[in-house]
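Data block below; observations after.
Rule-based calculations on the coordinates, nothing more; no lab input. Worth saying up front: this structure is predicted, and the values here are computed from it rather than measured.
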């Protein structure tokens, strides 16, 4: 019985820890930002939503999120360039790419920025929360590439 109580306590602690995680979202498609926010809000504190790479870099500097979920193809500055600038500036935010790109070159470029996850937008329902959980544990997550368009 004591072991069961311990497991329940550990789960509660983990949920409490996740609720404190601050996430910044970046995508130039407003509807996808809303969908992503709605998916994450029950578990995380979504602190902002931006529509381009320059705004991402600026908002990340001000908001200091634990996680950034970003698209690759955005105006002004793409997500890979924005992630690189954030790393160069010393940002400690964990980065998760959420994209339609399925080319292994995009995966490699994204991971080369220090990102911990590469999620296909077609698999947002099944992979995004898992990718964040893996990133939280310091592990790399990549959606199956055949699932993106």
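Mind computing the radius of gyration and Dmax over the alpha-carbon atoms of segment 92-144? Å is fine for both.
Reported Rg and Dmax, both Å: 9.9, 28.
For segment 22-80, state the average projected area of the convex hull of the C-alpha atoms over all orientations, rounded to one decimal in nm².
3.4
Give the span of segment 68-120's Cα atoms along each principal axis, as three whole-Å numbers ordered largest to smallest.
Computed over the Cα atoms, the extents are 28, 23, 17 Å.
For segment 21-144, what is the Kirkwood estimate of the hydrodynamic radius, computed as the reciprocal of the mean inverse distance between distinct Cα atoms, to one decimal in Å?
Working: mean 1/r = 0.0726 Å⁻¹.
Hydrodynamic radius (Kirkwood, Cα pairs) of segment 21-144 is 13.8 Å.
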